[in-house]
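Structure first, then comments.
Read-outs throughout are calculated quantities, based only on the coordinates presented, and are distinct from any laboratory measurement. Because the structure is a prediction, the values reported are computed rather than measured. Don't worry about glycine lacking a Cβ; one is built from the backbone with ideal geometry, like all the others, and counts go over all protein chains shown.
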Amino acid sequence: MTATPAIEGWFTTGAAPALLGSRCTDCGTVYFPRELVFCKNPACSGETFEEYAFSRTGKVWSYTDAQYQPPPPYVPVADPYVPFALAAVELEEGLVVLGQVADGYGVADLKVGTPVELVVETLYTDDTGDRTIWRWKPVGRSSEPGRSSAVETPGGAG
């Protein structure tokens, strides 16, 4: 059995995974997912794009948890349904990308501004192997997922 992306061409795998998008060769505007037809920047009439690998890190812009099972085409990975956290992450390029939070982490591990990194984890397994997806993993947090670490304030009070 092999591991393959659940959505082919949207991200790389390996030691340093990255989201894959495109960049307009005329104005430099970046897109995720890829744009291949025309630049949506109103000041540009470009129609040529190159592949663009986004930064692997960003900061939580917003977050929530999915307490109820989404409708199809969502593929349930557990029966009964297990809630999961979602984070909208602002990448270094300024683009905000939504994704699940890494296994073992939840809303208790997040706040607006929390630094995160892109990781690839198994979403589900079928007859051909593992289907992987990108997720956001909090960095610089407590070593125990699900528990927020204390934040020290200036002057030493925590």
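Report the equivalent ellipsoid semi-axes for the range 1-138 in whole Å, largest first, defined as the square roots of five times the eigenvalues of the gyration tensor built from alpha carbon atoms.
Semi-axis lengths for the range 1-138 are 28, 19, 14 Å.
Placing +1 at every Lys and Arg Cβ and -1 at every Asp and Glu Cβ, with all other atoms neutral, what dipole size does the chain have around its Cα centre, in debye to the nearest 20?
Charge dipole of the chain: 380 debye, to the nearest 20.
Given an 8 Å cut-off on Cα distances and at least 6 residues of separation, report the relative contact order of the chain as a percent.
21 percent
Hull surface divided by four, with the convex hull built on the Cα atoms of the range 1-73: how many nm²?
Seen from a random direction, the Cα hull of the range 1-73 projects 8.0 nm² on average.
Could you check the simple spin-label distance between S55 and V77, using points 7 Å along Cα→Cβ, in nm with one decimal?
About 2.6 nm, to one decimal.
Say R0 is 30 Å: what FRET efficiency, to the nearest 0.05, do A108 and D130 get from their beta-carbon distance?
FRET efficiency, A108 to D130: 0.65.
Residues with amide H under 5 Å of T29's amide H, sequence separation 5 or more or different chain, H placed in the peptide plane at 1.01 Å from N; which?
C24
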